[in-house]
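Enquirer: Below: one structure in structure tokens.
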Amino acid sequence: MKTKVLAIDDSRTIRNLLAATLEEAGFEYHCAVDGREGVDMYSDVDPDVVITDINMPNLDGFGVIEELRGTEINSKVPILVLTTESAPELKARARGAGATGWITKPFDDASLIFALKRVTGAAA
Amino acid sequence: MSGSIQDTFFEECEELLEATDEGLTAIEGGDHNPEVVNAIFRAVHSIKGGAGAFGLDDLVAFAHRFETVFDEVRSNRLDLDEKLIQLLLRSSDHLSALVEVARDGGQVDEAHHDTLLAALDEYIPEEEEDLSFEPMGLGGPTPVGDLGGFAAAPVVPQEETYRIRFHPLKEMYGTGNEPFFLFQALRDMGELTVTLDENELPGFDAMDVNDSYLAWDLVLVTKEPRSVVEAVFEFVEGLCELSIVGDHDAEAEANALAALDAMFSAPPADGAALPDPSPEVDSGTAAAPFEPPVPAPEPEATPASAVEKASAPKAESGKQEQRGGPKPTLRVELERVDRLINAVGELIINHSMLAQQIANLNVADLRDVETELEGFKNLARDIQEGVMAIRAQPVKPLFQRMARIVREASAATGKTCKLVNEGENTEVDKTVIERLSDPLTHILRNAVDHGIEKPEDREAAGKPATGEIRLSASHRSGSVCIEIKDDGAGVNRPRVKQIAIEKGLIPENAELTDSEIDNLLFMPGFSTAKEISNLSGRGVGMDVVKNAVTGLGGRINISSAPGKGSTFTIILPLTLAVMDGMVVSVADQTMVVPITSIVETMRGSDDMINNLGADGTLLSIRGNFVPICDVAGALGLYRESEQQAGVYLLVETETGQRCALAVDDIHDQRQVVIKSLDGVCGEIPGVAAATILGDGKIAMILDPESIIAASPTAAAFDTERRLSNAS
């Protein structure tokens, strides 16, 4: 069974990059274009891991984490935050909201897969 | 794979830059709505994110500063004053330039780049200035902390045994981190033994389900460097008690220090200082091989159970792109649309061939067939219009780019002017939009450079200090009208005339109407700049603009009022794929003349023809003389029959010069599909393109301007006319 990833990012470029890397690595890839759509899609997709951008229209990444963590059933799903900065305060804030980890943009294939492995155990 | 994704990135950049421009324009207009600021921030941020993925470092660095300043604005730590807005506008322009360079190659104006960076930095508080944008190294994850610092010296991968003590705090479980997965990641690096330490586990009564009692002792034998081992625990740093001790830590540190010492004391050090590769692998640990830790009294469910949930419906794929924009759109490769356009063109040709063949059948009653044929024709037209609409794009992005041209030109000339855009949603064929960019740029630079006066002069003339240039687009009876109107000084006619005389373009005593003087601007080799300014100069004149417009099948006019400003009007066909043409025959050949250039058609009689010089002839039309230009002669065709050219097409060139094109006969007026000759044969003087007629034959589409330009009679007459005007 493939590991299901729900990626939430308003940048088409980043979505395509994620799709290319993840599909090649054997993940099942789903994406949403903003936080609101991501949260709406969540129960349909029922992902094993969520990757979300921070700066997005409608609902930002922190909002996504809060909404997902706010419901009992999702309280354990790993959520990785995509960020361009590796600033400690941003990580702290994401973690405070309940993020599992982070992926620093620009990411390469190896670090993306490595991050997913550490939170899902899956190589694919 | 990155090729197509990179294309996506540049496409997306266009949209994001557009959004940035649009937002900044709104801000410039006084709209300081936080959502506008947020939208710009996100756009710039996305550009940065994408650029990072493709290693476009200049773009990343610049976008980062730009974004940081915006973040300050967003957090209300900076006021959007006029000075900052101007800086942001220029930064946005520069960002576009950087994207262009990244996409098309070329050079960035480095001085400008540095100036802007420095100007942006002034708005960034000290502690934010650190550009902590860390591109991921080749190996991947960024090391956590710098424990064991010097161990980073060049090391041949050697096995090391790490003893890891891992004790999660209860907070860790709230973040979705799972010890089991961390251990799996470690196991992939080498040989791992895991020992569960449950000594802290209290009695059942005392147990708090939300607390964390378990700890693990791990022994990992791996060739991976320490940084990679540490990286496994990156996400739980601070959420656990963690210690990682390598068996060779002390040794490695000593070696690294020795290496450093050696470097400083004896500069040309040879390899002797490298750490001693003595892998004393300690394999004597008596722990059991890897076993998944039994999450015995683990209070919460593991996410692994999620895998067992029912598979999700796949409904989301279709709705991905729908949000955010007002209407759903479909992205299609341009080539597919062009193929469709081509096919529709063939369909129209096919229709006329069919109609012609049916007409040739000599069937008595064709009424039903004709009705059906008419229906066919209308449907083909509908399809054609539909396809044309696909290629049509609003001029908005083009117009928005022009705002930047005006800003740059204003800055370079020390003038202040603003560009007001109107009719941005007017749709024009994509190719037309692409090819309009250069002429518009040139006209706008000219308008700023020569049209708009310096602020003090404007005030002296009782005008607002800031000049205004109005760029508008509208549809006008089957064509597109682009107007560039400035409120500057207008054409300096005495000066223009003087220059034209100095350059020998007109005789000294020429008497020209105002409009004729204005049109001198379009003559090749004309440039009013006293010295070539680095702005609109560049050695190209308005003649290049005119050629570009006529190359699109359009026309350009200028009108000007002294002290009030000038207006350039560009009239363009809606599409480049079809046009209305007059089908004529010339020396037994069928040809097409664009309707747009024809003023009048007439049959000539001998008494209308007058001789001029040895070979020239003039046509007398209602008391006026117009030079006759024989198309057959101009194209080098010979008539086999005795038939003479007896039909005249009166055409007018852009400079107002009139000429009668002599052809043998006029057949029809119809819409023809333009087929480019590019790549089929070289440039033929006098021929613009070709088309396929109803009978399947190829017909050349003539270019009246170039035929007239090559005609000695027309040239001689034109000089004559100017001289007679002068006397």
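The values are calculated or read from the model by the stated rules, or taken from the named source; none is laboratory data. Here the structure is a predicted model, which is why all the values come from computation and not from measurement. Counting neighbours? That spans all protein chains shown, and the Cβs are built from the backbone with ideal geometry, glycine included. For the accessible areas, the whole protein counts, side chains as well, though only heavy atoms, and no ligand, DNA or RNA atoms are used. Shrake-Rupley method; radii C 1.70, N 1.55, O 1.52, S 1.80 Å.
Enquirer: Could you list all residues from the range B:371-425 that are in the same structural domain as B:GLU483 (by TED's automatic domain parsing), hydroxyl-bearing (Ser, Thr, Tyr) and in a helix (DSSP H, G or I)?
Expert: Residues satisfying the conditions are B:SER410, B:THR413.
Enquirer: Tally the residues that are closer than 15 Å to B:ARG445 by Cα, modelled with pLDDT of 55 or more, open to solvent by 20 Å² or more (accessible area, probe 1.4 Å) and touching an Asp or Glu at 6+ places or on another chain (Cβ under 9 Å), restricting the search to the range B:514-545.
Expert: Residues flagged as closer than 15 Å to B:ARG445 by Cα, modelled with pLDDT of 55 or more, open to solvent by 20 Å² or more (accessible area, probe 1.4 Å) and touching an Asp or Glu at 6+ places or on another chain (Cβ under 9 Å) within the range B:514-545 amount to 2.
Enquirer: Give the residues of the range B:238-250 that are at pLDDT 80 or above and either within 12 Å of chain A (Cβ to nearest Cβ) or part of a loop (DSSP other than H, G, I, E, B) (or both), sorted by residue number.
Expert: Scanning the range B:238-250 gives a single hit, B:LEU239.
Enquirer: As an exercise: evaluate B:GLU200 against (1) within 14 Å of chain A (Cβ to nearest Cβ); (2) at pLDDT 65 or above and give the number of the one condition it does not meet.
Expert: So B:GLU200 meets the others, but not (1).
Enquirer: Any residue at all in the range B:571-581 that's open to solvent by 50 Å² or more (accessible area, probe 1.4 Å) and over 22 Å from B:ILE684 (Cα atoms)?
Expert: Yes, some residue in the range B:571-581 is open to solvent by 50 Å² or more (accessible area, probe 1.4 Å) and over 22 Å from B:ILE684 (Cα atoms).
Enquirer: Further, regarding this structure: Mind checking which residues of the range A:58-90 are in contact with a strand residue (DSSP E or B) (Cβ under 6 Å, 6 or more places away or on another chain), at pLDDT 85 or above and not β-branched (Val, Ile, Thr)?
Expert: Across the range A:58-90, the qualifying residues are A:GLY61, A:PRO78, A:LEU80, A:LEU82.
Enquirer: Within the range B:156-197, how many residues turn out to be outside any strand (DSSP E or B) and touching a residue at least 60 places away in the same chain (Cβ under 8 Å)?
Expert: Qualifying residue count, the range B:156-197: 16.
Enquirer: Being of a type outside the set (D, E, K, R) and either in the same structural domain as B:ALA403 (by TED's automatic domain parsing) or modelled with pLDDT of 80 or more (or both) narrows it down to one of B:HIS32, B:HIS45, so name that one.
Expert: B:HIS45
Enquirer: Before we move on, is B:GLU200 in a loop (DSSP other than H, G, I, E, B), of a type outside the set (A, V, I, L, M) and within 18 Å of B:HIS248 (Cβ to Cβ)?
Expert: no
Enquirer: When you scan the range A:106-115, do you find a residue that is among the hydroxyl-bearing types (Ser, Thr, Tyr) and within 12 Å of the chain's Cα centre (by Cα), even just one?
Expert: Checked the range A:106-115: no residue is among the hydroxyl-bearing types (Ser, Thr, Tyr) and within 12 Å of the chain's Cα centre (by Cα).
Enquirer: If you don't mind, there's one more thing I want to ask. Restricting to the range B:1-38, count the residues that are at the interface with another protein chain (Cβ under 7 Å from one of its Cβ atoms) and in a helix (DSSP H, G or I).
Expert: Total meeting the criteria: 4.
Enquirer: Restricting attention to the range B:55-69, does a residue exist that is within 13 Å of chain A (Cβ to nearest Cβ) and not in a helix (DSSP H, G or I)?
Expert: yes
For (1) touching a helix residue (DSSP H, G or I) at 6+ places or on another chain (Cβ under 8 Å); (2) part of a loop (DSSP other than H, G, I, E, B); (3) more than 8 Å from chain B (Cβ to nearest Cβ), each residue gets a yes or a no:
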| position | (1), (2), (3) |
| --- | --- |
| A:GLU67 | yes, no, yes |
| A:LYS76 | yes, yes, no |
| A:LEU80 | yes, no, yes |
| A:ARG93 | yes, no, yes |
| A:PHE107 | yes, yes, no |
| A:LEU112 | yes, no, yes |
| A:VAL119 | yes, no, no |
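Enquirer: Criterion first (in contact with a Lys or Arg (Cβ under 8 Å, 6 or more places away or on another chain) and modelled with pLDDT under 85) does B:ASP607 satisfy it?
Expert: Criteria not met by B:ASP607.
Enquirer: Moving on. Condition (residue is under 30 Å from B:VAL229 (Cβ atoms), surrounded by fewer than 24 Cβ atoms within 10 Å (Cβ to Cβ), of a type in the set (Asp, Glu) and modelled with pLDDT of 85 or more) applied to the range A:91-108: is it met by at least one residue?
Expert: No - not one qualifying residue is present in the range A:91-108.
Enquirer: Among the listed residues A:THR84, A:THR120, which satisfies the condition of being farther than 26 Å from B:LYS170 by Cβ and of a type in the set (Ser, Thr, Tyr)?
Expert: Working: A:THR120 fails: farther than 26 Å from B:LYS170 by Cβ.
Testing whether each residue is farther than 26 Å from B:LYS170 by Cβ and of a type in the set (Ser, Thr, Tyr) leaves just A:THR84.
Enquirer: Also: Among the residues of the range B:180-192, what is the count of those that are touching a Leu at 6+ places or on another chain (Cβ under 8 Å) and closer than 15 Å to B:ILE244 by Cβ?
Expert: So the answer is 5.
Enquirer: Scan (1) touching a residue at least 24 places away in the same chain (Cβ under 8 Å); (2) open to solvent by 30 Å² or more (accessible area, probe 1.4 Å) for the single condition B:VAL491 breaks and write down its number.
Expert: (2)
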